[in-house]
1. Please give the number of the condition D50 fails out of (1) crowded, with 20+ Cβ neighbours inside 10 Å; (2) under 24 Å from S108 (Cα atoms).
2. Taking only pairs six or more apart or across chains, which ones have beta-carbon atoms under 8 Å, a first residue in segment 90-110 that is without any contact (Cβ under 8 Å) to a residue 40 or more places away in the chain and basic (K, R), and a second residue that is in a loop (DSSP other than H, G, I, E, B) and away from the ligand (no atom under 16 Å from the Cβ)?
3. So which residues in segment 122-144 are of a type in the set (D, E, K, R) and in contact with a helix residue (DSSP H, G or I) (Cβ under 8 Å, 6 or more places away or on another chain)?
4. Please enumerate the residues belonging to segment 41-57 that are touching a residue at least 24 places away in the same chain (Cβ under 8 Å) and over 20 Å from V81 (Cβ atoms).
5. Hey, among the residues in segment 58-75 that are free of Cβ contacts under 8 Å to residues at least 60 places away in the same chain and surrounded by fewer than 17 Cβ atoms within 10 Å (Cβ to Cβ), which one's farthest from the ligand (Cβ to nearest atom)?
6. Residues being out of contact with any strand residue (DSSP E or B) (no Cβ under 6 Å at 6 or more places or on another chain), modelled with pLDDT of 95 or more and hydrophobic (A, V, I, L, M, F, W, C): count how many of those fall in segment 18-59.
7. Can you give me the number of residues within segment 131-143 that are more than 21 Å from P51 (Cβ to Cβ) and either in a strand (DSSP E or B) or not basic (K, R) (or both)?
8. Consider K85 carefully, then state whether it is within 19 Å of the chain's Cα centre (by Cα) and either modelled with pLDDT of 95 or more or crowded, with 19+ Cβ neighbours inside 10 Å (or both).
Amino acid sequence: KEDSINKGVKNLAKMIKESEYTVVLTGAGMDTESNIPDFRGKDGWWENIDPIQVASIHTFESNYPLFHEFYSMRIKTLEGVEPHKGHYVLADLEKKGLIHSIATQNVSGLHQKAGSNNVYELHGNIRTIRCNHCNKEVKLEDFLAGENCSFCGKKALRPNVVLFGEALPIDVWIKAEEDIKKSQLLIIIGTSLEVYPVNFLPMYAKGKIVLINNEDINANYEFDIKLIGKAGEILKELEKYVE
Ligand code: APR
């Protein structure tokens, strides 16, 4: 059921205060108010691009120029990007001991930039680059310049993001799964929950599940509260009710 925002926000604030173990799961909708496009929303990346064509390990191996062009563009869209109020509210809730951790699908690093410490990057990060052949870490500039690996010479540089067709970092996954299993409250923010296996994580939640999203999504579990609106605005409103 869709609550009126204010009533829903007050209910959420009450749940946060009552919960002894709150976990947050975020997606690209958490970053759009920082001018980073999402994927499946309006004007999202996948509106005109087939993700498998550009963001898969297959493309990395079979069409490096296309892979390199797409990720160079995504890295450039992150230049000068800053966290918005919503990121800071979540970081503040962690400082107050009111949320335990954030499991995110985002690769921007904005949660950490806003001061959140316990952040699980389930889809890796786009800020660091490694050679897919010798696994050495190289400078971002080398990747953007289209260089070969300065250690092994291969044309195999790539960001540390999880590509379609790759496994998620298992250590990060386990931490997120364990936290969500312990959670009395799971707050899901800005995700279509269309991508496996992250869209299975909420199934481990034993307590309440709350959705903050600017469109309703169909999930195979019930939400205790649905707040349909912009994450930044709703989190700003929430802050008033969580001392
Ligand atoms: N506030 C709240 N919700 C928002 C906002 C906003 N400001 N902006 C967008 N949204 C919603 C969109 O309506 C959509 O439902 O956030 C959701 C974003 O969904 P996706 O674009 O599918 O992003 P996400 O769920 O994170 O995608 C998962 O897919 O392509 C892969 O690896 C990529 O991590 C990504 C994964």
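1. (1)
2. As it stands, the answer is K95/G115, since those pairs meet every condition given.
3. Step one: list which residues in segment 122-144 are of a type in the set (D, E, K, R), which gives 127, 130, 136-137, 139, 141-142.
Selection gives R127 alone.
4. P51, I52, S56, I57
5. Of everything passing the filter in segment 58-75, P65 is farthest from the ligand (Cβ to nearest atom).
6. Summing the residues that are out of contact with any strand residue (DSSP E or B) (no Cβ under 6 Å at 6 or more places or on another chain), modelled with pLDDT of 95 or more and hydrophobic (A, V, I, L, M, F, W, C) in segment 18-59 gives 4.
7. 9
8. Taking the combined requirement at face value, the residue satisfies it.
The values are calculated or read from the model by the stated rules, or taken from the named source; none is laboratory data. These figures come from a predicted structure and were not determined experimentally. Glycine gets a Cβ as well: all are built from the backbone with ideal geometry, and neighbour counts include every protein chain shown.
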